Amino acid sequence: MKVGTISNYINPKTVIIFSLQFLLVIGVLGYNAWYKRGTECLKCHSDLQKMTGLGYPHFYVTQDMIDKEAKHPNVRCQDCHLGDPRTKNPDKAHKNMLSVLLISEEGEVLKRKGLYPDSLIPKGEDKIRNMLPQIEYEGRLYPHPLVRNVLWHDRDPVTFNYDPDITKKTCGKSNCHPTETKQFHSTIMATNYRQRTMVSWLEPYGPQN
């Protein structure tokens, strides 16, 4: 059987097929790398002048600051905060992004943007209560009259309970901490086991007993 040479098997059709396959692979890998980089997040948030002009200097962040605080190599903005790192449109970029929940006296989620856009940083000796939004009156700081509590990123905005689906999209992803997440989801804390056994606010061991 005559083996022949490579040129016997190459024709214009073969070249086109292999070229398209090569471009497809490069395109997929390039898109994946671009998506994961989250460059649009940093382009905006690493511009201190721009963030100050928008009224959010406390949301200024650089890649060095991320690396120092996250202590996770190659972590990207969207890995923890979600959102869309590819768009330059602020509304689209922040859509479905995780954020703290400001809760009213009536148990409703308040819109932070118009109510209290400032940073939530512990102040004074009572650091827990002093992370609540405050307003200034006659030179003194007072708790914001419309805000009853602050809940963090892992809460369901409807039930206010821990939301395992959020963790699966962030910390529990396959390239992060899936084993630890799976273990935590079987604990009493994650399942709210004790609370779900309560039949009364007072008896036999309700939260107000």
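The values are calculated or read from the model by the stated rules, or taken from the named source; none is laboratory data. Given the structure is predicted, the values throughout are model-derived calculations rather than measurements. Reconstructed Cβ throughout: ideal geometry from the backbone, glycine too, with neighbour counts over all protein chains shown.
Side notes on the structure shown:
- As for region 19-39, it holds no residue that is modelled with pLDDT of 90 or more, farther than 30 Å from Leu132 by Cβ, surrounded by fewer than 16 Cβ atoms within 10 Å (Cβ to Cβ) and more than 15 Å from the chain's Cα centre (by Cα).
- Of all residue pairs spaced 6 or more apart or on separate chains, those with beta-carbon atoms under 9 Å, a first member in region 125-146 that is within 24 Å of Glu108 (Cα to Cα) and at pLDDT 75 or above and a second member that is assigned to a loop (DSSP other than H, G, I, E, B) and of a type in the set (Phe, Trp, Tyr) are Pro133/Tyr116; Gln134/Tyr116; Ile135/Tyr116; His144/Tyr116; Leu146/Tyr116.
- Yes/no for Thr167 being of a type outside the set (D, E, K, R) and either under 21 Å from Cys80 (Cα atoms) or not in a loop (DSSP other than H, G, I, E, B) (or both): yes
- Residues that are loosely packed, with under 14 Cβ neighbours inside 10 Å, farther than 22 Å from Gly83 by Cα, in contact with a Gly (Cβ under 8 Å, 6 or more places away or on another chain) and not assigned by TED's automatic domain parsing to the domain that holds Glu108 do occur in region 181-197.
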